[in-house]
Amino acid sequence: MSNEDIQNLQKVVDEQIQENMGMSMIYTIVSAAQEWMQERANIPQQEVLDPAEAKRRAIEAEEARLAAQRAHGTQVTPETFVEWRKRFEAELALQKASLAEQQAADKKARITGKQFFLSQEAEAEESEPSDFEFEEEQAEDAAESDEEEELTGDDESDEEDILNALG
């Protein structure tokens with residue numbers, strides 16, 4: 001009940017008190033209050049509500065309407081479909097453009113296959129000697145061992161000659 005309703009009920013009770021002064025009046029006051037309440041119950045609710053309650057009920061009604069609309073969905077007509085499709089295609093075009101820009105930036109940042117191959121080749125050359133350098137080292141080692149054989153006289157062909165002569 002609103003404050004206004006309480007004040008109106010108080011007026012009805014005060015009138016009953018004035019009319020029944022000097023007699024037993026409890027029963028009459030309660031009966032008058034009950035009648036007033038029943039009359040107010042028969043009045044449509046919109047008239048009874050205070051402004052805050054009316055605002056709350058309006059918000060609830062709007063929420064219920066929106067919930068019903070969401071449950072039912074939006075009616076699709078050729079016009080609404082065309083409108084939706086234009087928005088959808090514009091959104092897709094925007095996404096494709098941003099994706100293409102991102103891919104272009106990624107592509108610029110990456111090296112090509114040829115650049116990768118050349119960089120791997122350069123790293124390999126820095127870390128290991130090439131086959132040519134390795135062969136040169138082997139040739140130098142072989143030349144040094146030949147020189148040692150000549151100096152020590154450990155030639156295998158001389159041994160073979162001696163064995164052949166004995167044999």
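On full extension of the chain, what length is gained from A165 through K107, given 0.36 nm per residue of separation minus the C-alpha to C-alpha distance?
On the way: separation 58, 0.36 × 58 = 20.88 nm, distance 7.82 nm.
Length gained, A165 through K107: 13.1 nm.
What number comes out for the charge environment of F116, summing +1 per Lys or Arg and -1 per Asp or Glu over other residues with Cβ under 13 Å away? Write out the running numbers ahead of the final one.
On the way: positive: R110, K114; negative: E121, E123.
Its environment carries a net charge of 0.
Heavy-atom surface analysis with a 1.4 Å probe gives the range 1-96 a carbon and sulfur content of 57 percent of its accessible area. Seen from I59, the other residues with C-beta closer than 14 Å to its C-beta sum to a net charge of 0, counting Lys and Arg as +1 and Asp and Glu as -1. Solvent exposure of F88, expressed as accessible area, is near 90 Å², computed with a probe of 1.4 Å over the protein chains only. Between rounded, prolate and oblate, where does the range 1-121 land on the alpha carbon gyration tensor, with a ≥ b ≥ c its root eigenvalues, rounded for a/c under 1.5, else prolate if a/b exceeds b/c? Prolate is the answer for the range 1-121, as a/c is 1.5 or above and a/b outweighs b/c.
Projecting label points 7 angstrom from Cα along Cα→Cβ for I17 and A52 puts them 2.7 nm apart.
Solvent-accessible area per residue in the range 1-131 equals 89 Å², computed with a 1.4 angstrom probe and all protein chains kept. Could you tally the net charge around E89, taking each other residue with its Cβ under 13 Å from the Cβ of E89, Lys/Arg +1 and Asp/Glu -1? With Lys, Arg at +1 and Asp, Glu at -1, the neighbours total +2. In order along the range 26-39, phi translates into HN-Hα couplings of 4, 4, 5, 5, 5, 5, 5, 5, 5, 4, 4, 5, 5, 4 Hz, rounded to whole numbers, per the Karplus curve 6.51 cos²θ - 1.76 cosθ + 1.60 with θ = phi - 60° and x for Gly and Pro.
Which length gain, in nm to one decimal place, applies between A139 and F88 when the Cα-Cα distance is subtracted from 0.36 nm times their residue separation?
Values: separation 51, 0.36 × 51 = 18.36 nm, distance 7.43 nm.
My answer for the length gained is 10.9 nm.
Go ahead and run the numbers for FRET between Q34 and E79, Cβ-Cβ distance against an R0 of 41 Å, rounding to 0.05.
The value I calculate is 0.10.
The values are calculated or read from the model by the stated rules, or taken from the named source; none is laboratory data. These figures come from a predicted structure and were not determined experimentally. Cβ coordinates were reconstructed from backbone atoms using ideal geometry, including for glycine residues, and neighbour counts include every protein chain displayed. Each accessible area value is taken on the protein alone, full model and side chains, heavy atoms only, with ligands, DNA and RNA left out. Shrake-Rupley method; radii C 1.70, N 1.55, O 1.52, S 1.80 Å.
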